[in-house]
Every structure is written in C-alpha cells, then in structure tokens.
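Peer 1: Got a structure for you, written out below as structure tokens; questions coming shortly.
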Amino acid sequence: MKKILLFILMIAPIVFYGQSNIPPGPVSGHWDLAGSPYSINGDIYIESAESLTIDPGVQVLFNGWFKLEVFGRLIALGNSASMITFTNNSHYTDIWNGIQFKHTSKNSHMDYCIIENAYSKLGAHAFPESYGGGILCYNSPYGEIKVTNSIIRDNEAYYGGGIANYQSNLILENCTIRNNVAVVGGGVALINNPTTALKKNTIMLNEASKGGGVLLQYSNHDQLECNFIVNNTADLGGGMYMVHSNSGLCKNTIARNMASQDGGGIYFYNLSNPDIYSCNIYFNEDGVKSGSQQIYLANNSNDPSFYHCNILGGMEGFSGAGSATQYSGAYENCVDDDPLFKNMYNGDYSLTWANYPYDDHTKSICIDNGCPDNEPDPDKSCCDIGACCYFQVLEVPDNIYGEELQPQVFMAEWDPSFGALGYEIDVAYDRYFEDVIYDSRNVATNSIKMWLPEPSDMIWFRVRSYNTGLTSDNSQSWALLWVSLDENQADEPNIYASTSAINISIPQAADKNGQAWIYNTSGQLLGHYSLVTGTNTIRLGISKQIVIVKVLLNNKVYQQKLLMH
C-alpha cells in the first residue's frame, strides 16, 4: 500500500502539455491551444492564397533567428485574458527575426498579441531586412494589416525597432510599443506609405539615434491621433523625427521625451510642413537648452502649422535654423500652461480638475481647449488638448415635480444634478414643446416659482443641467393639470379619496351618463370610467401618489386633485 501511495505522489506533479514542432516552409490552417506551444525550427511563411488562424493563449516560440513571412492572411485573435505570444524560445536563442507582411493583398488582423525579443539586421543598406524589429509591413498597399490591443516590446532594428511600415496599409490602434531600439524610429517607423492610422497607442521608453518614439519619412498620408508619445530618447527628436513629411497630427500627447542634442519633442527636417491640431507638447528636454526645445526646425523649409495646441515656451521657444524670423507657419489659438498631468512620473498623463465643475486654477488648461472642429470628447464636450480627455460627468435632472400654488402660478422642483452649475427650464402648452411659453429660462438652483402669462388647463415643462463646458439632455417632461381654472366644484359631485380608492358620489337627480377620467401628475391617463348615481368606488392599486380626477356631469366639468392614502 505504501509503495502504491509513493508512486502516486511521484507522478502527481507531472503535467503533460501539447507541443507542435513546425519545420521550415509553408504554414496554414489552424493553430489551437491544444497544440501550443508551437516550436518554430526555421523560416516559415504563409503563401499568398493561404491563411493561418491562431487561437487565444497560443505561444509561438522561435528556436533561432527565424521569421514568419505573411504573403497571404494571418488571423491571430487573442483576448485580454489569453493573449497570443510570439517570442524567442529561451532554451535555444535570445532573438528571432519577427513577423513580416510582404506583398500581401489580403486583410490580416492581430489582436491581443505580444510580439517581443525580435531582431532585424542592422545596417542601412540591408533593405528591407533591416526594417521592423517586431513587425514589418512591406509593399502591401492593397490589403489591410490591422494590429490592435497588442504589446510590441524589447525588439530591435535599424528602422522601426518595434514596427516599421513601408508602402503598406496599416492600422495600429490601442497598442503599447515600448522598450524597443533602433537607429531610426525607436518605436515606430512610417516610411513612404499610402496610409497608416496610428490611434490611441502608447509609445514609450523607446530609443534611437533619430526619432526615439516615431519616425515619419516621406510620409504625407499617415494619421496620428490620440497617441501618448512619452519618455522616449534619441540624439535628434526624442519624441518624433519628421523628414519630408506632411502627415497630420491630432490630439497627441508628446511629453517628457529627451534628445541628447536637439528637438526634445519633435525634430522637423527638410520640407516637413504638417498641420498639428490639439496636441500637448510639454516637458520635453534636450541636451542644448534643457526644457526649452519642444520644437526644432532644422532649416527654413520647415513651417509646420499649430492649431489649439499646448506648447511649453510657445512659438518663442522654437529652436533651429528655421525658427524665429524664418518661421512662417500658422500658430493659432495655442496656449502655454502646465497641463496638470495626474502623475506623469509614474506614467499617468491623464488631465486633472480637482474642483470640478468650478472653473478655477485646478482645471487643466487642456480641458475643453482643443480645436472645436475636431470630434467632441466622449462626454460631448469640446475636445481636450492631448491624447487623454477629462471625462466630465453631468447628470440629467431627476425626480421632476410641479405643483400649483395659485391661479397661473406654479412651483417646479427637481433633485440637484451632479456636475451642474445651473439649469435651463422649458415651459410649453403642449407635450412636444412647439407652443412654448418659456424657452431655456436660466435657473440658479433646483427649483423655481413661475407665473403663466395667461390661463391654461394644462402646461408641460422639462429641465436640463449645464456647466462651463456641457449641457445635459432634457429631463422627462412633466404635465401640470390646472385645478383652479374650473369654478364648477359645487356640491355635486362629491369626489374624495379613501384607503387605496377614489370615491365619486353622484346625486340621484344627476345625468346618468356621467364620466370620469383619472390622470397622474405627468398627464398620463390612468383610467376612463362611466358613472352611475350613488357612490362610485374606483380602485387603482396605488398609494401615496397625487392624482387628478376630472368628472363630466350635466355638461359641466368638475376637477379635483387627490392624494391617495
């Protein structure tokens, strides 16, 4: 018995994993988790007519300086809990040769992938082998190469340590590109492309001689929007290096980058004249004048235009041969003030507003100061400057209530709304607010007493809150039935409430064709009833609510407001 138990204990820790050995040559089909890890023993490629699909959680381990070339289609879709990993097999090698999309017209998509520890040949003339340490997109203008929600880290190349795009259609979105190294374009290199969309990426801690974060070279159609380009280093252009490029930049945060020579933020060289909107270019440094060189214009052929940007030192802080009297670009509606990042020393470049919604010194200059022509922020306020918007919460007024005080005078009330500095109220004779009595009347607090210019048997009102940058949606509409307008409330009929019921007492001599309508205070009809002589008891199944009872009897209207017990 002891021997059997000992044998069980000896084998218990042993877990058998699937492993697939992939020889050099073509690959296609489906790589699932059961076959993971996939051990790559030579250069592999997907032929132009073929596809390879890789499931979440799969590991692809390269046993040497081998690459995956994609001439066809690669579909590698992980998820946040199970990312797909492309890396070196540390038992065999320290590096591999990356993923290379070449001459493909197919659409590929990599989502929630990790691409790490890859290396492309150094040397400017080793073309295209020296491009794209982790990922290379080469001569693929007709297919769409999409990389989303992925991490590209610890890779190296001559051009584009993390990823290089050369004459290809690339979408790079919600990715982190960090700790990559190159001679030119430490994180990303975009060269001579038909179109590239870089959106909502974090490009940080990359190194290069030129363009620590991003290189743009002969790039006129790329779009860089809502990216954090931070904490990168280079000799020239710590954040970005642009040469012969006019690609637009919009809502990027370019901060705390370092150049050992010139251009801590952006280095412009030879005919680079992009339009730059709503960008936050701050706290970048260089080795010449620490903290001053956000923008470096290498010669007088560089005249980028800046609109609604926040730039440390303003235009007076531009450096290089093309600055000062040589600069002729547009510089409109730009500001220069501390962006009040939340915690930039720990990598948090979000904007702050400590005393929201009060417009005081705690509000970042970047909030609501972006270009009005740019797309509004998700909270529907004017766009902020930089990649991160400060989300302003503004509640729609709730628990709307109206009460008659006297003929033609009523009180409107509602709960206070978080984020509101005031309110606007609309009052109309109809529920569609076409026949308006008051339009957008300002209210300082969450109640108001209002007077009607002329009598009415019913009015409608609605409320919305506002602050310095936002106006909320309208509240629900409230209908107020005007009780005091009817002078026919004589001894007949007798309308009163008892426990959970409405009682309408009709005299014997009254018209036997009486009718009753019951409404709530929003004007919603709760019921329509025929009446008989004597006491009519109507049970609605409600309590502690105000209702309006309207009775038609002897061609007269009687109306009564009741509180249900």
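Peer 1: If R0 is 25 Å, what FRET efficiency do you get for residue 41 and residue 105 from their C-beta distance, rounded to 0.05?
Peer 2: Calculated transfer efficiency: 0.30.
Peer 1: For residue 51, put the label point 7 Å out on the Cα→Cβ axis and report which residues of region 91-116 keep their amide N under 15 Å from it.
Peer 2: Under cut-off, by backbone N: 105-111.
Peer 1: Could you tell me the accessible area of residue 65 in Å² (1.4 Å probe, neighbours in place), rounded to the nearest ten?
Peer 2: Using a 1.4 Å probe on the heavy atoms, I get roughly 90 Å².
Peer 1: Residue 90 versus residue 436, label points 7 Å from Cα toward the beta carbon: distance in nm?
Peer 2: The answer from the label model is 6.8 nm.
Peer 1: Cβ under 15 Å from residue 564's Cβ, residue 564 left aside: what net charge do those residues give with Lys, Arg +1 and Asp, Glu -1?
Peer 2: +3
Peer 1: With every protein chain kept in place and ligands, DNA and RNA left out, what is the accessible area per residue of region 382-460? Probe 1.4 Å, answer in Å².
Peer 2: 50
Peer 1: How high is the relative contact order of region 161-320, in percent, with contacts defined as C-alpha pairs under 8 Å that are six or more residues apart?
Peer 2: 16
Peer 1: Counting Lys and Arg as +1 and Asp and Glu as -1, each charge on the Cβ, what is the dipole of the chain about the Cα centre in debye, to the nearest 20?
Peer 2: That gives a dipole near 1820 debye.
Peer 1: Of the heavy-atom accessible surface of region 54-208 (probe 1.4 angstrom), what whole percent is carbon and sulfur?
Peer 2: About 45 percent, which is the carbon plus sulfur part of the accessible surface.
Peer 1: Given 0.36 nm per residue, what is the gain on full extension from residue 354 to residue 496 after removing their alpha carbon distance, in nm?
Peer 2: Stretched out fully, the residue 354 to residue 496 stretch lengthens by 45.7 nm.
Peer 1: Can you give me the three principal axis dimensions of the chain from its C-alpha atoms, in Å, biggest first?
Peer 2: Each principal axis gives a Cα extent; for the chain these are 109, 90, 50 Å.
Peer 1: Right, here's the next one. Treating the beta-carbon of each Lys and Arg as +1 and of each Asp and Glu as -1, no other charges, what is the dipole magnitude of region 241-316 about its Cα centre, to the nearest 20 debye?
Peer 2: With only Lys, Arg, Asp and Glu charged at Cβ, the dipole is about 180 debye.
Peer 1: Hey, how many Å between the Cα centroid of region 410-427 and the Cα centroid of region 86-164?
Peer 2: Answer, in whole Å: 56.
Peer 1: Related question: How do the peptides 431-444, 399-412, 299-312 rank, highest first, by the average count of neighbouring beta carbon atoms within 10 Å per residue?
Peer 2: Listed from highest to lowest mean packing, they are 299-312, 399-412, 431-444.
Peer 1: I would also like to ask the following. Say each of residue 167 and residue 555 gets a label point 7 Å from the Cα, pointing the same way as Cα to Cβ; how far apart are those two points in nm?
Peer 2: Going by the 7 Å Cα→Cβ label model, 9.3 nm.
Peer 1: Give the relative contact order (percent, whole number) for the chain; include only Cα pairs under 8 Å separated by 6+ residues.
Peer 2: Rounded, it is 5 percent for the chain.
Peer 1: Let me ask something additional. On a full-extension model of 0.36 nm per residue, what is the gain between residue 563 and residue 361, subtracting their alpha-carbon distance, rounded to one decimal in nm?
Peer 2: Answer, rounded to one decimal: 67.7 nm.
Peer 1: Sticking with this structure for a sec: For region 103-170, report the translational diffusion coefficient in µm²/s to the nearest whole number, using Stokes-Einstein at 37 °C, 0.692 mPa s, and a Kirkwood Rh over Cα pairs.
Peer 2: Here the translational diffusion coefficient equals 274 µm²/s.
Peer 1: Just to verify a number: FRET efficiency for residue 30 and residue 326, C-beta to C-beta distance, R0 = 60 Å, to 0.05?
Peer 2: Once rounded, the FRET efficiency stands at 0.50.
Peer 1: Please say if region 152-301 is rounded, prolate or oblate, where rounded means a/c under 1.5 for a ≥ b ≥ c the square roots of the C-alpha gyration tensor eigenvalues, and otherwise the choice is prolate for a/b larger than b/c and oblate otherwise?
Peer 2: Since a/c stays below 1.5, the shape of region 152-301 is classed as rounded.
Peer 1: Ranked highest first by average number of other Cβ atoms within 10 Å, how do 159-167, 236-244, 386-394, 349-357 line up?
Peer 2: Sorting 159-167, 236-244, 386-394, 349-357 by mean packing, highest first, produces 159-167, 236-244, 386-394, 349-357.
Peer 1: Moving on. Can you tell me how region 38-144 classifies by the Cα gyration tensor, rounded, prolate or oblate, using a/c under 1.5 as the rounded cut?
Peer 2: Verdict is oblate for region 38-144.
Peer 1: For residue 45, list long-range residues whose amide hydrogen, built 1.01 Å from N in the peptide plane, is under 5 Å from its own amide hydrogen.
Peer 2: 25, 27, 69
Peer 1: Let me ask you something else. Count the DSSP beta bridges whose two residues both fall in the chain, then state the antiparallel fraction as a percent rounded to the nearest 5.
Peer 2: So the antiparallel bridges in the chain amount to around 30 percent.
Peer 1: Label region 502-565 by shape, choosing from rounded, prolate and oblate, from the square roots a ≥ b ≥ c of the eigenvalues of the Cα gyration tensor; if a/c is under 1.5 it is rounded, and otherwise prolate applies when a/b is larger than b/c, oblate when it is not.
Peer 2: Prolate, because a/c is 1.5 or more and a/b exceeds b/c.
Peer 1: In degrees between 0 and 90, to the nearest 10, how far off the longest principal axis of the chain does helix 2-11 point, with axes built from Cα atoms?
Peer 2: 90
Peer 1: Then there's this: Which whole number in µm²/s is D for region 294-450 by Stokes-Einstein, with the Kirkwood Rh taken over Cα pairs at 25 °C and 0.890 mPa s?
Peer 2: 125
Peer 1: Gain in length, residue 316 to residue 375, computed as 0.36 nm per residue apart minus the alpha-carbon separation, to one decimal in nm?
Peer 2: Length gained between residue 316 and residue 375: 18.3 nm.
The values are calculated or read from the model by the stated rules, or taken from the named source; none is laboratory data. All values derive from a computational prediction rather than experimental measurement. Counting neighbours? That spans all protein chains shown, and the Cβs are built from the backbone with ideal geometry, glycine included. Accessible surface is based on the protein model in full, side chains and every heavy atom, while ligands, DNA and RNA are left aside. Shrake-Rupley method; radii C 1.70, N 1.55, O 1.52, S 1.80 Å.
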